[in-house]
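The values are calculated or read from the model by the stated rules, or taken from the named source; none is laboratory data. All figures in this text were calculated on a predicted structure; none of them were measured in a lab. No Cβ is skipped: glycine too gets one built from the backbone with ideal geometry, and neighbour counts run over all protein chains shown. In case anyone asks, the SASA skips ligands and DNA or RNA and just uses the protein heavy atoms, side chains included. Shrake-Rupley method; radii C 1.70, N 1.55, O 1.52, S 1.80 Å.
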Amino acid sequence: MDPSRTVDDRRIWPDSVCTACGCLCDDIVVKVKGDRILEAQGACSIGEGHFLGNRRGDGPEAWIHGEPANFDEAVERAAILLAGASCPLVIGLQECTTEGHRAAVELAESIGGGLEVPGVSATILSLQSVGEVTCTLGEIQNRADFVLIWRADPVRTHPRLFSRHVLEPRSDFLPGGRNDRFLAVVDIRETTTLKEADLAIPMDEGAEVEALWLLRALVKGIAIEAEQIAGVALKDWQALVERFRAARYGAILYDGRSNGLSVRGIHSLVRELNERTRFVVMPLHSGGNGVGARNVLTWRTGLPGAVRFVEGQGPLSSDAGLPSATAADAVLVVSGNPMVMDNEPTTEVRRKIPRVLLTGNQEPHPQAAEVVIRTAAFGIETSGTVYRMDGVPLPLRAVVASRFPTVEAVLRSIEHRVRERRA
Amino acid sequence: MIPEFLKIAGGTVYDPANGIDGEVRDLWMSGGKIVEAPSDFETRPARTIDAKGLVVMPGGVDMHCHIVGSKVNAARMMCPEHGEIIPSTTSTGLRYAGLGYTTAFDAAIAPLAARHAHEELVDTPCIDRGFFALMGNNHYIMRAIRQNEPDRLKAFVGWLLGASKGFAAKLVNPGGVENWKNRPEGNARDLETRVDHFEVTPGQILASVAWAADELRLPHPVHVHTLNLGLPGNWTTTLQTMKRLEGHRAHMAHIQFHSYDGGDGDESTFGSKVGPLVEYLNDHPNLTVDVGQIVFGPAIGMTADGPVGHFLGRLYGTKWYSNDIEQETGCGVAPIEYRNTTAVHAWQWAIGLEWFLLARDPWRIAMSTDHPNGGSFLAYPRIIKLLMDATFRKDALAALPAEVRERSVLRDLDRQYSLSEIAIITRAGPARMLGLTNKGHLGIGADADVTIYTPDPDPEVMFALPRYVIHRGRIVVEQGEIREATRGRTLHVAPDYDRGVEPDLQKWFESSYSIRWRNYPVEADTIGESEVVP
Ligand SMILES: [Zn+2]
């Protein structure tokens, strides 16, 4: 359904979803004139950059080896690369909607390749070992009288999180809003968020896991003899634990990019806390739709994070993505930032192999890959379902038309060409 | 255009809804429906399946399972080692088809995550499907009860089902989940427990939503998972719940999990209280049940009953997933292993079978394992064998701990289900309970969902390997092999409700939800091929 209305020469889109950070604020009023976005009312500075930075892409629809190419040539070339590979890998997927994820799964299946959503292995491994006690953002908004921000700086990275969901809102349960809530922040450096804390605990760099173990022990009531742990006086940690105990509905929010040991430590602590009071935990994810990618991949294959399709065997687990990535001899990056992979241990391997890149970036680098195919800009020119960092699904509506195809259309074209080549 | 016909010739038909109990007949279908045999003698079907000597039934209907949505997907992520019980959407659809089932309903979806559930349903092939929308701990409902505004409540239920494109109203531990969100040991132990903040009771929620579902003339009445699931001594709450529902139609879900004797933490007092409960059911035609049979082996506890998830995770010391969903519900997931050497598990197994064998009217008791809570739906053929073969059942009972063997009435029950009764509890009955007039039977105008079995002295073999499965007139399984992954339809309701409620509703919504009112309803283009059930 199209909720937009036209006033004079402007089209006004109410309650639009902003995909600039994991909050997926869905109350943005976007004003459009022709194919230009004039205003993104209600958006934070990051969101404004996302909406207003959008310029209708011009130039070629694709490049091959840095030379302009048309769409069909590029699709053909991508199909040759992928069909000829013995172990192709489809990776990325953070910047498309469910339809794109479905098409990516089908393409990976038909080329017998690997499929991977980068950057989710830490949370998945933690989930698989201890589970997860979480909630939707509205529960924090309405109930959380205690919030701990663990090594994250949402004031900077998720600018509206505090005002919309975590600190300011008043509810039947917390009629005093901010006054009814206690904010604790633990970090290793001075952050903007730390300045807002009722209790700020600056700890030593590299001491995160130790601190989490300590907190678990204190919560369990185990006596600890030490002056200082992780660069923080024991009594400060004890003060934090007192706050845990006093909470009716506590929430811990942490950076979604945290490493595996920390994630597991945080989730174990939260489980422990639920023995005494209600506590929930939520990773703060960055923008895009990585959460959706993880969801769709899981329901379509039964396996989260990374899978490998082997003919005649169906989807197989490919733990943390490593086996498929090291063996890969052709990589298709689907609408994610290819640089995301630079955080992964397999970067070196991937740099050397031929790569097809689908990107909604307005000014893509023609030599970012052997084949670069442009797609509609995610979050601006695309419609479909996106998943917020707490798993809540939201409808994304294109506010501007694109001259480029959607990710799903490109993927289906490639799959079609692969099939034709095989036949 | 001349319509194309598919004919099933000479099969032995079991169609209890139309009073057909093992008669040799021909079936004609066209356009996805069962049709009259063409009057024109010359008309040849495009295809004839020779069903001589084979058993023909309507496609199976699973009225209570958990196969899609955020909690199932969380379970897939958390427990890949149990992928066999919680497979992908594609495998789920194919497995149902392989089992002769053509319709299934997910029993617990939070409306806030309805869009997610629908996206998974679209990706579940071979079956028609839908879901029940959770409302037992919904703040607006509790508010309307407190303010004594039944009409507002009724309108809200209509709006919520329409907005989420759900099929029925589901209550899970009404009031108890809200209390658990408020306090670590919070819950509702009986129908008169006060719900924090809202000043209402579980009994009021039960009665009001049951009334609203009746008033809205929903095809399926209120679907109830009552308080104290899985706890010793919970039978009294179950009986009170059934009594509280007097005067309304209602369905009691996975009744096995709610039929326990015992208490005081003394395991030796655990036992069966099916007797008084089934007697109540037998005497009250307003009520129906599904069993929630357990099978020994791995299972996944998966429920909107948040505190039950916590209880399971603690009890077995396993990983535990929990998700509180604003204004609506909770959600808990934890793996379980049912062992026939554990007395409590053995009791659960026996209690489920006691229900099947003591319920007088097969039309009011449905097959279910509450998949995957009691085990996979793939266990249905085994359960059918336990019902059809008293010797097999008694042998299985003999392997259980002495206290169950000696105290369960199972040892004295010789009843054996007939094929017609099996057809009732696996398709005709659940379809009728759901209010699906086009499902669960083979009369003219019914959806052409048909399963053809090869008779076998071992009912488990017979029901595990259907020879043909036809979904909406298309052959999905042929000679036991999957031939086509048909696209199913999503079945939902679109009740008429008083739209006058919307301004107040929107105001409440915008002040309490973390998303905008406009972004809450699920649009038609999200749900694939669909059908509104009147
Ligand atoms: Zn259930």
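Among the residues that make up segment B:148-170, is at least one of them among the acidic types (Asp, Glu) and part of a loop (DSSP other than H, G, I, E, B)? Break it down stepwise before answering.
In the first step, residues of segment B:148-170 are kept if they are among the acidic types (Asp, Glu); the result is B:149, B:151.
If we keep only those that are part of a loop (DSSP other than H, G, I, E, B) too, we end up with B:149.
Checked segment B:148-170: at least one residue is among the acidic types (Asp, Glu) and part of a loop (DSSP other than H, G, I, E, B).
Name the residues in segment B:345-367 that are farther than 18 Å from B:Gln416 by Cα and either crowded, with 23+ Cβ neighbours inside 10 Å or within 16 Å of the ligand (Cβ to nearest atom) (or both), would you? I'd like the intermediate steps shown before the answer.
Our first condition is that a residue be farther than 18 Å from B:Gln416 by Cα; within segment B:345-367, this holds for B:345-348.
Once the filter is applied, which keeps residues that are farther than 18 Å from B:Gln416 by Cα and either crowded, with 23+ Cβ neighbours inside 10 Å or within 16 Å of the ligand (Cβ to nearest atom) (or both), segment B:345-367 yields B:Ala346, B:Trp347, B:Gln348.
Which fully enclosed strands (runs of 3 or more DSSP E) of segment B:1-115 have 3 or more residues being more than 30 Å from B:Leu161 (Cβ to Cβ)?
Working: elements: B:6-15, B:20-30, B:33-35, B:47-50, B:55-58, B:60-65, B:101-109.
Fully inside segment B:1-115 and qualifying: B:6-15, B:20-30, B:47-50, B:55-58.
Which one of A:Leu253, A:Leu174, A:Leu269 is buried (at least 20 other Cβ atoms within 10 Å of the Cβ), more than 13 Å from A:Ile149 (Cβ to Cβ), in the same structural domain as A:Ala152 (by TED's automatic domain parsing) and not small (Gly, Ala, Ser)?
Values: A:Leu253 fails: more than 13 Å from A:Ile149 (Cβ to Cβ); A:Leu174 fails: buried (at least 20 other Cβ atoms within 10 Å of the Cβ).
Result: A:Leu269 is the single residue among A:Leu253, A:Leu174, A:Leu269 that is buried (at least 20 other Cβ atoms within 10 Å of the Cβ), more than 13 Å from A:Ile149 (Cβ to Cβ), in the same structural domain as A:Ala152 (by TED's automatic domain parsing) and not small (Gly, Ala, Ser).
Give the number of residues within segment B:90-113 that are touching an Asp or Glu at 6+ places or on another chain (Cβ under 6 Å) and at positive phi.
Residues meeting the conditions: 0.
Going through B:His248, B:His254 one at a time, which residue ends up being within 16 Å of the ligand (Cβ to nearest atom) and either more than 16 Å from B:Pro174 (Cβ to Cβ) or at pLDDT 95 or above (or both)?
Working: B:His248 fails: within 16 Å of the ligand (Cβ to nearest atom).
Answer to the check: B:His254.
Among what's in segment A:353-384 and is of a type in the set (S, T, N, Q) and open to solvent by 10 Å² or more (accessible area, probe 1.4 Å), pick the residue that is modelled with the lowest pLDDT.
We begin by selecting, within segment A:353-384, every residue of a type in the set (S, T, N, Q); these are A:359, A:361-362, A:367, A:375, A:382-383.
Checking which are open to solvent by 10 Å² or more (accessible area, probe 1.4 Å) leaves us with A:359, A:361-362, A:367, A:382-383.
Working: A:Thr359: 91, A:Asn361: 85, A:Gln362: 81, A:Gln367: 85, A:Thr382: 94, A:Ser383: 96.
Looking at the filtered set, the residue picked out is A:Gln362.
Within segment B:110-143, which residues are in contact with a Gly (Cβ under 7 Å, 6 or more places away or on another chain) and open to solvent by 10 Å² or more (accessible area, probe 1.4 Å)?
Listed by number, the residues that qualify are B:Ala113, B:Val122, B:Pro125.
Go through segment B:308-344 and give me each residue that's open to solvent by less than 10 Å² (accessible area, probe 1.4 Å), acidic (Asp, Glu) and not in a loop (DSSP other than H, G, I, E, B).
The one that is open to solvent by less than 10 Å² (accessible area, probe 1.4 Å), acidic (Asp, Glu) and not in a loop (DSSP other than H, G, I, E, B): B:Asp324.
Going residue by residue through segment B:136-148, is there one that turns out to be among the β-branched types (Val, Ile, Thr) and either within 11 Å of chain A (Cβ to nearest Cβ) or within 16 Å of the ligand (Cβ to nearest atom) (or both)? If you could, list the steps in order and put the result at the bottom.
Within segment B:136-148, the first condition is being among the β-branched types (Val, Ile, Thr), and the residues that meet it are B:141, B:145.
Filter once more, keeping what is either within 11 Å of chain A (Cβ to nearest Cβ) or within 16 Å of the ligand (Cβ to nearest atom) (or both): none.
Looking through segment B:136-148, none of the residues is among the β-branched types (Val, Ile, Thr) and either within 11 Å of chain A (Cβ to nearest Cβ) or within 16 Å of the ligand (Cβ to nearest atom) (or both).
Name the residues in segment B:439-498 that are among the small types (Gly, Ala, Ser) and more than 17 Å from B:Tyr96 (Cβ to Cβ), would you?
Of the residues in segment B:439-498, the ones among the small types (Gly, Ala, Ser) are B:440, B:443, B:445-446, B:448, B:464, B:473, B:480, B:485, B:488, B:494.
B:Gly443, B:Gly445, B:Ala446, B:Gly473, B:Ala494 - these are the residues of segment B:439-498 that are among the small types (Gly, Ala, Ser) and more than 17 Å from B:Tyr96 (Cβ to Cβ).
Can you name the condition, by its number, that B:Ser70 falls short on among (1) more than 20 Å from B:Ala431 (Cβ to Cβ); (2) crowded, with 22+ Cβ neighbours inside 10 Å; (3) away from the ligand (no atom under 16 Å from the Cβ)?
Among (1) more than 20 Å from B:Ala431 (Cβ to Cβ); (2) crowded, with 22+ Cβ neighbours inside 10 Å; (3) away from the ligand (no atom under 16 Å from the Cβ), B:Ser70 violates only (3).
Test each condition in (1) in contact (Cβ under 8 Å) with a residue 40 or more places away in the chain; (2) crowded, with 22+ Cβ neighbours inside 10 Å for A:Arg264 and report the one that comes out false.
Going through (1) in contact (Cβ under 8 Å) with a residue 40 or more places away in the chain; (2) crowded, with 22+ Cβ neighbours inside 10 Å one by one, A:Arg264 breaks only (2).
Restricting segment B:271-307 to residues that are within 14 Å of chain A (Cβ to nearest Cβ) and assigned to a helix (DSSP H, G or I), which is surrounded by the most Cβ atoms within 10 Å (Cβ to Cβ)? I'd like the intermediate steps shown before the answer.
Step one: of segment B:271-307, the residues within 14 Å of chain A (Cβ to nearest Cβ) are B:300-302, B:304, B:306-307.
Next, from what is left, pick out any that are assigned to a helix (DSSP H, G or I): B:306-307.
Working: B:Gly306: 28, B:Pro307: 23.
Step by step, filter segment B:271-307, then rank; the result is B:Gly306.
Restricting the search to segment B:73-85, which residues are of a type in the set (A, V, I, L, M) and either at the interface with another protein chain (Cβ under 8 Å from one of its Cβ atoms) or more than 16 Å from the ligand (Cβ to nearest atom) (or both)?
Restricting attention to segment B:73-85, the residues satisfying the condition of being of a type in the set (A, V, I, L, M) are B:74-75, B:77-78, B:85.
Matches in segment B:73-85: B:Ala74, B:Met77, B:Met78.
Sort out which residues of segment A:48-75 are within 16 Å of A:Val400 (Cα to Cα) and crowded, with 19+ Cβ neighbours inside 10 Å, and write them in order of number.
Answer for segment A:48-75, where residues must be within 16 Å of A:Val400 (Cα to Cα) and crowded, with 19+ Cβ neighbours inside 10 Å: A:His50, A:Phe51, A:Asn54, A:Gly57.
Quick check on segment B:50-67. Is at least one of its residues within 14 Å of chain A (Cβ to nearest Cβ), modelled with pLDDT of 95 or more and touching a helix residue (DSSP H, G or I) at 6+ places or on another chain (Cβ under 9 Å)? Spell out the reasoning first.
Taking segment B:50-67 first, the residues within 14 Å of chain A (Cβ to nearest Cβ) are B:66-67.
So of that shortlist, the ones also modelled with pLDDT of 95 or more come out as B:66-67.
Next, from what is left, pick out any that are touching a helix residue (DSSP H, G or I) at 6+ places or on another chain (Cβ under 9 Å): B:66-67.
Yes: one or more hits.
Out of everything in segment B:86-106 that is touching a residue at least 60 places away in the same chain (Cβ under 8 Å) and under 18 Å from A:Leu316 (Cβ atoms), what residue ends up being nearest to the ligand (Cβ to nearest atom)?
Ranking the qualifying residues of segment B:86-106, first place goes to B:Ile86.
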